[in-house]
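The values are calculated or read from the model by the stated rules, or taken from the named source; none is laboratory data. Just so you know, these numbers come straight off a predicted model, no measurement behind them. Cβ sites come from the backbone with ideal geometry, for glycine too, and all protein chains shown count toward neighbours. Accessible surface areas use protein heavy atoms only, side chains included; no ligands, DNA or RNA. Shrake-Rupley method; radii C 1.70, N 1.55, O 1.52, S 1.80 Å.
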Amino acid sequence: AIAGIVYMGYGVYQDRHPEPQVEPDPSKKTLVILGTGWGSVSLLKQLDTENYNVIVISPRNYFLFTPLLPSCTTGTIEHRSIMEPVRTILRQKKASVKFYEAEASSIDPERKVVRIFDNSEIRGDITETEVPYDMLVVGVGAENATFGIPGVREHSCFLKEIGDAQKIRKRIMDCVETAAFKDQSPEEINRLLHMVVVGGGPTGVEFAGELQDFFEEDIKKLVPDISDRFRVTLIEALPNVLPMFSKQLIEYTESTFKEEKINIHTKTMVKKVTDKAVEAEMTHPDGKKETVVFPYGLLVWATGNAVRPVVKDLMGRIPAQKDSRRGLAVNEYLVVQGTRDIWAVGDCAVAGYAPTAQVASQEGSFLARLFNNMAKTEALEEKISHLSSTLNLQPGNSAAVSREIEGYERQLRRVKNAKPFNYSHQGSLAYIGSDKAVADVTWFNGNVAAAGSLTYIFWRSAYISMCFSTRNRLLVINDWLKSKVFGRDLSR
Ligand code: NAD
């Protein structure tokens with residue numbers, strides 16, 4: 001390292017600030033940020049950390065680039081390529097930031113403290129403590145919705161965290177190897193090789209597409225004796241998949257799935273899950289209902305979001321939140337309704353937008369600008385009050401001082417004139433398998449719908465450009481090339 005420039009590997013050099021974590025400065029406010037997802041990390045990226053004592057608390061000490069998570073389930077992309085350590089992000093900030101790897105269990109808005117616990121594997125015990133705050137940002141995301149359907153938690157795989165993708169990858173190969181084992185009955189082979197996906201939102205659709213690719217491009221060649229039995233089924237309660245996309249893209253996706261031999265069952269609501277089968281109620285075009293049983297080897301549950309217990313608990317402590325159901329209701333500055341010093345971003349906040357990475361990241365950037373401005377406002381107000389108090393002490397200088405005060409006041413008006421949060425939708429993208437993608441993009445204030453292989457190239461370049469760091473970008477490109485040239489890695 002020469003003068004703070006550190007070699008990062010892959011020909012990338014980065015400027016680092018290797019200051020140690022220092023004790024909090026009592027003259028500054030303590031800003032506690034919960035979570036290391038899209039909202040919290042985009043806030044951190046743009047926050048002038050020298051203005052506050054910043055503390056980040058999250059059970060995950062990395063940022064995860066979630067749009068490429070479905071690709072990790074089949075090994076198209078290796079999981080570490082889409083993870084960025086929080087410590088690396090924090091070391092690039094001007095002033096030091098404290099990070100605690102811990103989970104927030106409750107927030108007390110009266111006493112202004114967050115209760116946190118660390119489930120230490122190394123010590124094998126749980127340490128609990130409290131962290132006081134002056135300002136708090138809740139960016140803890142959401143958990144998987146199961147709607148209380150029996151058996152879901154016990155038997156299905158979710159697709160939210162890196163561990164979920166790793167579990168699915170192992171499970172796919174377990175199903176394949178068990179089906180290929182000596183003397184399996186045809187029914188058992190059929191069950192093991194039936195991959196069922198519940199939920200036709202973007203998560204379910206992208207995963208089903210990736211899975212069918214894995215089968216067509218790799219499994220079929222390497223395990224040919226069972227290849228005619230592999231099936232992917234997507235179950236959706238509504239009349240169509242991808243409800244947030246335009247009608248033509250929905251039709252394109254459904255017809256592409258048909259070509260890819262992915263079975264889609266719409267108007268089919270899963271009611272019960274056991275260790276080997278899914279029980280669903282199917283509504284026929286004439287309105288008749290039928291109970292259908294789908295035996296499965298792998299079940300992936302992707303039916304959207306539910307409120308996390310820590311958020312539910314906080315909502316219960318704030319009377320103004322009593323009518324909110326899907327998360328913390330926030331005002332146009334993302335302040336949690338009924339509080340003055342708590343903000344919420346991302347999937348745990350209800351601001352009138354869909355719970356997407358795009359919304360969360362714009363909310364995080366908005367808060368960073370807001371907090372940077374708040375610090376500037378305080379600094380300017382202090383300067384003005386200091387100069388005003390010296391005005392009478394230096395009569396000869398009063399004209400110059402008055403001009404200086406006016407200058408600061410002009411700056412103050414500009415800074416104070418902060419506009420409320422305004423989401424700017426850039427579009428929606430989804431991969432649907434066999435090197436095709438669908439895109440609803442905003443272009444010069446109009447909507448453009450595109451689908452197919454060119455859209456897939458657009459999808460790839462958009463996600464590459466959105467990757468967190470140059471390191472992530474290079475790793476993802478490398479993984480794509482590797483799986484194209486050598487095929488995906490089938491080892492468990
Ligand atoms: P989602 O909420 O978008 O879709 C879940 C689907 O599951 C719904 O269509 C619902 O009708 C269905 N469902 C619920 N219960 C069911 C049941 N019992 N049986 C059958 N079907 C059932 O969930 P998601 O796909 O996880 O997405 C969550 C959020 O993240 C959304 O806002 C989405 O837009 C966003 N997201 C976007 C992208 C992208 O843009 N590429 C990718 C992933 C997620």
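Residues that are crowded, with 18+ Cβ neighbours inside 10 Å and not in a helix (DSSP H, G or I) within region 161-196 comprise Leu193, His194, Met195, Val196, listed in sequence order. Entry remark, region 464-489: residues being open to solvent by less than 20 Å² (accessible area, probe 1.4 Å), of a type outside the set (Val, Ile, Thr) and under 18 Å from the mean Cα position of the chain (by Cα) number 3 in total. Counting only residues that are within 16 Å of the ligand (Cβ to nearest atom) and under 26 Å from Lys419 (Cα atoms), region 297-344 holds 2 of them. The set of residues in region 244-269 being more than 23 Å from Thr442 (Cβ to Cβ), of a type outside the set (D, E, K, R) and in contact (Cβ under 8 Å) with a residue 40 or more places away in the chain consists of Thr256, Phe257, Ile262, Ile264, Thr266. Of all the residues in region 70-125, those that are hydrophobic (A, V, I, L, M, F, W, C) and either assigned to a loop (DSSP other than H, G, I, E, B) or open to solvent by 70 Å² or more (accessible area, probe 1.4 Å) (or both) number 5. Among the numbered conditions (1) under 30 Å from Ala430 (Cα atoms); (2) modelled with pLDDT of 95 or more; (3) open to solvent by 20 Å² or more (accessible area, probe 1.4 Å); (4) away from the ligand (no atom under 13 Å from the Cβ), the only one that Asp347 does not meet is (4).
Any chance region 375-397 includes a residue that's closer than 30 Å to Val152 by Cβ and surrounded by fewer than 22 Cβ atoms within 10 Å (Cβ to Cβ)? Scanning region 375-397, I find no residue that is closer than 30 Å to Val152 by Cβ and surrounded by fewer than 22 Cβ atoms within 10 Å (Cβ to Cβ), so the answer is no.
Can you work out which of the residues in region 350-364 that are open to solvent by 20 Å² or more (accessible area, probe 1.4 Å) and out of contact with any strand residue (DSSP E or B) (no Cβ under 6 Å at 6 or more places or on another chain) is farthest from Ala462 (Cα to Cα)? The qualifying residue farthest from Ala462 (Cα to Cα) is Gly352.
So that you can scan it fast, the table gives a plain yes or no per residue for (1) touching a helix residue (DSSP H, G or I) at 6+ places or on another chain (Cβ under 8 Å); (2) under 30 Å from Val86 (Cβ atoms); (3) without any contact (Cβ under 8 Å) to a residue 12 or more places away in the chain:
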{"position": "Ser402", "(1), (2), (3)": "yes, no, yes"}
{"position": "Arg410", "(1), (2), (3)": "no, no, yes"}
{"position": "Thr442", "(1), (2), (3)": "no, no, no"}
{"position": "Ile477", "(1), (2), (3)": "yes, yes, no"}
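All of Gly199, Gly209 fail the test of being closer than 20 Å to Asp489 by Cβ, under 26 Å from the mean Cα position of the chain (by Cα), open to solvent by less than 10 Å² (accessible area, probe 1.4 Å) and within 15 Å of the ligand (Cβ to nearest atom), apart from Gly209.
Selection within region 436-461: residues that are among the small types (Gly, Ala, Ser) and open to solvent by less than 20 Å² (accessible area, probe 1.4 Å). The member of this set that is farthest from Phe245 (Cα to Cα) is Gly452.
Taking residues in region 27-49 that are crowded, with 24+ Cβ neighbours inside 10 Å, and partners anywhere that are of a type in the set (Lys, Arg), the pairs with Cβ atoms closer than 7 Å and at least 6 places apart or on different chains are Thr36/Arg60.
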